[in-house]
Amino acid sequence: MSDLEDLPVRADLRARTPYGAPQLDVPVRLNTNENPYPPPPGLVEDLQRAVLAAAVGLNRYPDREAVALRTGLAGYLGPQFRLEQVWAANGSNEILQQLLQAFGGPGRTVLGFEPSYEMHRRIAETTGTAWLAVPRAADFTIDVDTAVRALREHDPDVVFVCSPNNPTGAAVDPSVIEAIYASTRGVLVVDEAYAEFSARPSALGLLPGRPRLVVTRTMSKAFAFAGARLGYLAADPAVIEAIRLVRLPYHLSALTQAAALAALRHADATLATVAQVRHNRDRMIAGLVAAGYEVAPSDANFILVGRFADTAASWQALLDRGILVRDFGLPGWLRITAGLPREIDAVLAALEERR
Ligand SMILES: *Cc1c(COP(=O)(O)O)cnc(C)c1O
């Protein structure tokens, strides 16, 4: 076998490593922020029927425009949304990639506020878009003055804001989103992967009159559908017109479209788990605070906990007890997904012991 060095691979890719949240087979997996509750039985049954119905037509390409699914997603977002304002793809990561294919690329820049979702930077880099990182404040919020100054100085083509922010947890106030939008001529992408867990207002309400604002969502978190790969966005119809220039034909399989439509039919039953997840999260926070840990405010289904003197050693100690959490290389902090009650018990027992 030859290695990468022998191939004419892009020079800027040579030093890279693949995206890698470890997928280890341990009893308690709290490192990728999935909903710990499986899809409701009614959905699983409906899905079987829907996939069977789609299967008999698999000799044909799927609906390239995913009209039924996008109409369903628009209905889920609210009565004010129409098909033309919604786009869907294989996970919101593909949505983000399509956005940067259309609005980023060589010679262009994308600005984000770190620490934030690692894939924003990675997708920037793999699409040849220059990445500009603006640090968040010490409490992980976005300081508006710092943001406005950076936007004026760098004049980016695309801006990413993650709300609630992964990995720190808190949602971004709509007034901050408004200020950022007003300070850039670029496309502002608000990544709302965790929106259903948040009691704070969504950026969806800011869309009217803001043609450069894009809100991305996913079925991977609250919708308990990470394995199915379905992400989507809401924006002005012109944004979707731009994406249609770069998307691959038939990117969303007929099986995925059928499965996601089934998921939408059972949205109420699925999303009934959100309250339980938030309850589990709050119990984990209370237990950790009582044990003397610091926990960043969270509007999502995960928490950022610290401060660890030796973060890597604490990560390993948890793993030794069969608990997988996320170490982002953020000194002093680990991210832990709000799992099932018994999983929270395991985290609390392990971390109380290490205090
Ligand atoms: C998990 C996550 C996503 C989801 O990606 P999918 O491709 O939809 O599974 C997107 N953005 C953020 C911030 C996330 O944490």
Q) Would you call residue 244 charged (D, E, K, R) and on the phi > 0 side of the Ramachandran plot? A) no
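May I ask you to list the residues in the stretch 185-196 that are free of Cβ contacts under 8 Å to residues at least 40 places away in the same chain and either surrounded by 24 or more Cβ atoms within 10 Å (Cβ to Cβ) or closer than 21 Å to residue 115 by Cα (or both)?
Listed by number, the residues that qualify are 188, 190, 192, 195.
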Q) Which of (1) under 20 Å from residue 80 (Cα atoms); (2) open to solvent by 60 Å² or more (accessible area, probe 1.4 Å) does residue 239 not meet, given it meets every other one? A) (2)
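Within the stretch 334-352, which residues are assigned to a loop (DSSP other than H, G, I, E, B) and surrounded by 24 or more Cβ atoms within 10 Å (Cβ to Cβ)?
338, 339
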Q: Write out, first by first residue and then by second, each pair whose Cβ atoms fall under 7 Å of each other, whose residues are 6+ apart or on separate chains, and whose first residue, in the stretch 314-332, is at positive phi while the second is surrounded by fewer than 17 Cβ atoms within 10 Å (Cβ to Cβ).
A: 322/26; 322/27; 332/307
(Q) Given the criteria more than 26 Å from residue 188 (Cα to Cα), within 16 Å of the ligand (Cβ to nearest atom) and either open to solvent by 10 Å² or more (accessible area, probe 1.4 Å) or not β-branched (Val, Ile, Thr) (or both), does residue 287 qualify? (A) no
Q.
Condition first: within 22 Å of residue 192 (Cβ to Cβ), in contact with a Leu (Cβ under 7 Å, 6 or more places away or on another chain) and open to solvent by less than 40 Å² (accessible area, probe 1.4 Å). Can you find one or more residues in the stretch 296-306 that meet it?
A. yes
Q: Residues being under 21 Å from residue 331 (Cα atoms) and open to solvent by less than 50 Å² (accessible area, probe 1.4 Å): count how many of those fall in the stretch 134-160.
A: 5
Q. If you take just the helices (runs of 4 or more DSSP H) that sit entirely in the stretch 1-117, which of them hold at least 1 residues that are hydrophobic (A, V, I, L, M, F, W, C), more than 30 Å from residue 269 (Cα to Cα) and within 16 Å of the ligand (Cβ to nearest atom)?
A. 92-103
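The values are calculated or read from the model by the stated rules, or taken from the named source; none is laboratory data. Bear in mind the structure is a predicted one, so any value in this text is a computation, not a measurement. FYI the Cβ positions are ideal-geometry reconstructions off the backbone, even for glycines, and counts take in every protein chain you see. Side chains are part of the model used for accessible areas, which takes the heavy atoms of the whole protein and leaves out ligands, DNA and RNA. Shrake-Rupley method; radii C 1.70, N 1.55, O 1.52, S 1.80 Å.
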